[in-house]
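The values are calculated or read from the model by the stated rules, or taken from the named source; none is laboratory data. Keep in mind that what you see is a predicted model, and the values were worked out from it rather than measured. So basically every Cβ, Gly included, is an ideal-geometry build from the backbone, and we count neighbours across all protein chains shown.
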Amino acid sequence: MPVRHLLGSTSLGLLLAVVPCLANAQSGTKPDARPGSGREQLAQLDEITVTATRTPRQAIEVPASISVVGREEILRRQAQSLDDILRDVPSVELSGGPRTTAEQPSIRGLGDERIVIRLDGARQNFQAGHKGRTFIDPTLLKQVDVLRGPASALYGSGALGGVIALATKDAADLLRDGRRVGGQARVSYQDNGEEFLASLTGFAAPSDTVGLLASGTWRTSDDVETGSGLTIPFSGDDLLSGLIKADWAPAAGHRVRLSWQGYGNDQALPSAPDTTDLDIIVDRVTRQDTANLSYEGIAGPLFDLRGAIYWTRTDLEEDRVDRPRLDETRLETVGIDVANTSRFTAGPAEVALTYGVEAYRDEQTGTRDGAPRPQFPDAESEVVGLFAQAETEFADRFTLTPAIRWDRFDQSAEGQPSRTDTQVSPSVRAAFEANNRLTLFAGYGTAFRAPSLTELYNSGLHFPGVCPIPGRPCVIPNNFFVPNPALGPERGETYEIGVNLAFEDVALERDRLLLKGALFRNDVDDFIEQAVLIRQGQTVRRNVQEARIEGVELELVYDSATWFGSAAASILRGEDENSGRALDAIPADRLALTVGRTWDGAGLTAGWRASLTAEQDRVNLAEPTPGYVLHDLFVTWRPVETIRLDLGVDNLFDKAYRRHLSSIPERGRTLKVAAQVSF
C-alpha cells in the first residue's frame, strides 16, 4: 500500500478510535502532572513550560501549539542528537543527515535563522551556511520545548517559524529523597557506527539552599550505514561535552543559578557537511561554550522575576586535508533577558502582566590562513527589544492575551554601509474553557527576522567555475557572493485556531487522555531568497517571495497504570504567492505512533514506535522525496531504584530512506543498549 494511502487510512482509524472514547469519557477535573507509579511515560502534554507565555503553564493548558519532550523520553530514545529527540514532534524537520554537527532544524517549513534556539535562556545564534546550528549533547538535557508558529512578540527577531528551548538538568532533578550527595554513571553502545558513550554526573545539596552539579560525556563513533548497506562517509565523530551548575536560594522564593555548558567535537567531514559533495574534506574542530547567570524570584503578586545574563561563543576550525588551508569561523553572543510578571485584579478580570527587556550583541569573525575571509566577514549586530503581554482571565472561563514587542537592530561590517531598523510585533490570543475538559483557542501573531550578517555582507568566491581549456573562456564562470546591505527583514503573520482536550478515567481507572490540535495559516512577506546566477557568476540575496503556509497539527497522549500511547500528525502545504508554485521547504505529511506497556512489579516498560511519512512531490525545484515507514522497539528495565537498563532497535526493518530536502540518506537498523547506575 502506498505510504500516502497508509498515512490517510491510519489517521482515519486513529480518529475513529478516539471519538468514541471522547464521547463516553466521564466528567473529571483537569489532570495533574503526576508521575503515576514511577511510569513517567509520555508527558509531553503534561510537562510545565514557560516558553509559550513566559509564565509557567502545563503544555495541555497553553493556548498555542507547543510540544514538550521530557527527561524520560530523552533517556529512552538514547538520543545522539537533537534530531533523535524531536523526530516525532509535529511539523518539525531536521536536515543534515547522520552528521550531527550539520543539523539544521525547521518548523512549519521555515528553517535556518527563522527559528530562535535558546539553551537555558541563552540565544544560540550561530549560522554559517552549511555548517549546522545545533551543537548540544542530549545527555545534558532534561527538557526540550518546541513552540510552533510566530513568537516575535516575546522573542523578537528570528521567531518567524517558532522557538526551540533547551533546558539542561539540575541537581534537584537527580537527587533522591533524603540524600545530600549523589551521582550517575551511564554507558551506552550503538552497533551502527560502533558508537560508544560514557557519562558521569555528580550532584550535591550541601544545604537546603545550595545545589551543585558537574557532568561530563565522552562519545565516539565511526561511519554509519544506510538501510541499503551503503556507508555514509565522514559520519563518525569524537565528542566531549560538559556541564557545571551551581544554584543558591538566598531566601524563600528566590534562586540564583550559575552555569557553564561546553561542547567539543573533532571530526573529518566535507566542508559542506549537509551535502553529498566530497570534493573538499576538512579536519573540523567545533567548540561551543555557553555561560549563564540567572535569577528567579517571587515576592508577592507584583514581583515574579526571571532574568539571565549570558555569553555564547562558537568556534569552528577547518583544516583542509588535501592542501594547506585553515578556515576559522567565530560567532560570539552576549545578551541579557529580563521579564517580570505582576498579577492583579482589574474589575471582573484577573490579569498577569508580563513585561521585560531583551538585548544582545552578535560579533562574528572569519579568517582564511589568518587573513580576513569575505565569505564570513567581520561584522556585528546589536538588538534591543521591549515587550509586554497581558494574560487577562474573565470569570474563570475566557482568557484574552494581547502582546506587543518593539525591536531595534543595528548591523555593521568593515568596509560596508551600516544599517539601523526597527520592528513592532503585536499578537493576541483568546481561549475559552467550555468545561473542565474542553478548551478552544484562537490567535493572531506577527513575527519578523532581520537579515543575518552573512546575508547582508558576505562576498568572495562561492564556488569555482568550469574551465576545461586553460586560457579559453570558462563554460561556467567563477561564482562570487554579492553583498546586499539594503536587504529588508522578513515579516510574517499567522492565524490559528485550536483545541485542548483533557479527560480522566476514559477506559481504565485513573487513566488520562490528552489531545491538542491546531489549524493555521502563515503568510510570509519579503522572504529572503538566495539566487545563484550561473551566467552572471553571482550569488545574490534579495527580498522576493511572498509565501503562504497552511497546515493542521494533532497531538494525542494516553497514559494509564499499565498502557500508554501517543500519536502526532502534521499536514502542511506551502505556496509561493507570486508564482503559485509549491514551496520546496515544506516537510512531508507525517504520522508518528507510540504504544507501550508498563509492568510496575517487574520494573519493566516495553513499547513500539512507528513513523509514517508520505511522499513529498509538491515541489518546485527540489527533488521529490519518496515516502517511507519506520518501526522502532524499546525496552526499559529498572530492577531496583538505582539501576536502569535501556534497549532499543531503531529502523527495525532496515529501511533505506532520506528526509525531505536532505541529500544524505539516513542510518539503517541500529541496535542501542545503555546502562545507568545511580549512587
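Taking the range 551-577 as the range and being farther than 20 Å from ARG597 by Cβ, among the acidic types (Asp, Glu) and part of a strand (DSSP E or B) as the test, the residues that pass are GLU553, GLU555, GLU575, ASP576. Close contacts from the range 274-285, counting a first residue that is aromatic (Phe, Trp, Tyr) and a second that is at pLDDT 90 or above, with Cβ to Cβ under 7 Å and a gap of 6+ residues or different chains, come to none at all. Mind listing whichever residues of the range 443-477 are small (Gly, Ala, Ser) and either touching a residue at least 60 places away in the same chain (Cβ under 8 Å) or crowded, with 16+ Cβ neighbours inside 10 Å (or both)? Passing the criteria: GLY443, GLY445, ALA447, ALA450, SER452, SER459, GLY460, GLY465.
Among strands (runs of 3 or more DSSP E) entirely within the range 72-140, having at least 1 residues that are basic (Lys, Arg) and surrounded by fewer than 24 Cβ atoms within 10 Å (Cβ to Cβ) singles out 115-119. Every listed requirement among (1) at pLDDT 95 or above; (2) assigned to a strand (DSSP E or B); (3) exposed (fewer than 15 other Cβ atoms within 10 Å of the Cβ) is met by LEU243 save one, (3). Would you say THR341 is over 30 Å from GLY443 (Cα atoms), surrounded by 21 or more Cβ atoms within 10 Å (Cβ to Cβ), among the polar types (S, T, N, Q) and at pLDDT 95 or above? Against the criterion (over 30 Å from GLY443 (Cα atoms), surrounded by 21 or more Cβ atoms within 10 Å (Cβ to Cβ), among the polar types (S, T, N, Q) and at pLDDT 95 or above), THR341 does not qualify. Select from the range 497-531 the residues that are among the acidic types (Asp, Glu) and within 22 Å of the chain's Cα centre (by Cα) and list them in ascending order. If the condition is that a residue be among the acidic types (Asp, Glu) and within 22 Å of the chain's Cα centre (by Cα), then ASP523 is the only one that fits. A single member of GLY229, GLY183 is outside any strand (DSSP E or B), among the small types (Gly, Ala, Ser) and surrounded by fewer than 18 Cβ atoms within 10 Å (Cβ to Cβ), and it is GLY229. Restricting attention to the range 508-560, the residues that are touching a helix residue (DSSP H, G or I) at 6+ places or on another chain (Cβ under 7 Å), more than 28 Å from GLY498 (Cα to Cα) and not aliphatic (A, V, I, L, M) total 1.
Within the option set PHE441, PHE387, being under 28 Å from ASP526 (Cβ atoms), touching a Ser or Thr at 6+ places or on another chain (Cβ under 9 Å) and aromatic (Phe, Trp, Tyr) holds for one residue only, PHE387.
It is to be established whether one or more residues within the range 505-518 are without any contact (Cβ under 8 Å) to a residue 60 or more places away in the chain, outside any loop (DSSP other than H, G, I, E, B) and over 29 Å from SER560 (Cβ atoms). Within the range 505-518, not a single residue is without any contact (Cβ under 8 Å) to a residue 60 or more places away in the chain, outside any loop (DSSP other than H, G, I, E, B) and over 29 Å from SER560 (Cβ atoms). Can you tell me which residue in the range 235-247 is nearest to TYR628 (Cα to Cα), limited to those that are in contact with a Lys or Arg (Cβ under 7 Å, 6 or more places away or on another chain) and either without any contact (Cβ under 8 Å) to a residue 12 or more places away in the chain or not aliphatic (A, V, I, L, M) (or both)? Among residues in the range 235-247 that are in contact with a Lys or Arg (Cβ under 7 Å, 6 or more places away or on another chain) and either without any contact (Cβ under 8 Å) to a residue 12 or more places away in the chain or not aliphatic (A, V, I, L, M) (or both), the one nearest to TYR628 (Cα to Cα) is SER235. Quick one: in the range 294-323, of everything that is aromatic (Phe, Trp, Tyr) and part of a strand (DSSP E or B), which residue is farthest from ASP266 (Cα to Cα)? Filtering the range 294-323 for residues that are aromatic (Phe, Trp, Tyr) and part of a strand (DSSP E or B), the one farthest from ASP266 (Cα to Cα) comes out as TYR295.
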